[in-house]
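Before any comments, here is the structure.
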Amino acid sequence: QVQENTNVQQAVNPTVHTIFSLEGKLALITGGGSGIGFDIARCMVVAGASVVITGRREQPLQEAVGLLAESRTGAQAYYKVNDVTARGSLDGLVEEIEAAHGPIDILVNNAGINMKKPALEVTDEDFDRIVHTNLNSVFSLTRACAQRMMARKRGSIIMISSMAAYYGLDRVVAYAASKSAVEGMVKVLASEFSGNGVRVNAIAPGFIETAMSKTAMGGDPDRFARAMRRTPMGKFGKPDDIGWAAVYLASEAAKYVTGVSLPVDGGNSIGF
Ligand code: NDP
């Protein structure tokens, strides 16, 4: 009996590994120098992809350099300084990356900012800054990558959205507006690109332990308790919970999945 089980496992495992493998693929991940973006990069490297991560900071985190050490598949990790709000730079960024490292197979639009203020205190400048980062630049970079992916008839584009796109969370008016718009964009792009082999999906994280969520909670235990009451699993998620979801959406295992937003939220989306 034991022998039989072992044989079954041996027969199944290679298929499982192959279908989730990103070996030989190149991923561009914005805002990958920290938080969720960093773990998306780490999970993709473990799955065999080479990654280019971007951010405004001059130096990548030490850990990001360590990504290379994790790779057992010959995958590489590179860091590039780029501010996604410099929309005029994004075509050049894609061109430069492809010239140096080959075709981009996976784009993860992860870079994002938030700000907590009651709506009536939000200035036009605040609103524009958030929408510019979380929405406008996502469109520009996606267009730059998608043109090339469609010509090659393959590619996977993943937007990091938020449950703020679905629910009326307080004091995040610009953030919620930007993420809801990204969700709308996913459906249109999925529809337009699907004939050319390019899939477009979103991941909608719930409360994930990062610098952004720590700032949002402001060290306030009441706020934390309220967030946990809304979360059936009763705990924050980890950045790699989003990373593994991104590996799935980028892989062959999701080859018939496009135009969806996948909640990874400890059950938040069941309803408040
Ligand atoms: P962090 O603040 O920890 O990380 C954000 C990353 O985005 C940083 O690496 C930052 O790098 C980068 N970034 C910000 N602005 C720019 C810019 N203009 N150009 C390039 N890079 C930029 O946040 P998280 O990791 O928590 O968030 C990642 C994504 O997940 C965001 O889109 C966020 O909205 C989403 N999300 C997060 C949730 C959470 O609970 N944490 C919940 C739901 C969604 P640098 O400073 O070097 O530019």
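The table below gives the values:
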item	result
At 0.890 mPa s and 25 °C, Stokes diffusion of the range 211-259 via Kirkwood alpha-carbon radius, µm² per second	188 µm²/s
Residues HIS101, HIS17 arranged by fewest to most Cβ contacts within 10 Å	HIS17, HIS101
Positive dipole terminus of the chain, leading residue within ASN110, SER178, HIS132 (C-beta point charges)	SER178
5 angstrom amide H check on ILE208, placed H, neighbours 5+ away	GLY237
Anchor LYS214: lysines whose Cα lies under 21 Å away (excluding residues fewer than 8 positions away in-chain)	LYS116, LYS117, LYS179, LYS235, LYS238
Cα pair count fraction exceeding 32 Å, expressed as % - the range 2-261	23 percent
Theoretical ellipticity at 222 nm over the chain - DSSP helices of four or more residues, -39500 (n - 2.57) apiece, nearest 500	-14500 deg cm²/dmol
Assigned charges on the beta-carbon of Lys, Arg, Asp, Glu; the range 153-272 dipole about Cα centre (debye)	80 debye
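Bear in mind that the values in this text are calculations on the coordinates, not laboratory data. Predicted, not measured: the structure shown is a model, and the values here were computed from it. FYI the Cβ positions are ideal-geometry reconstructions off the backbone, even for glycines, and counts take in every protein chain you see.
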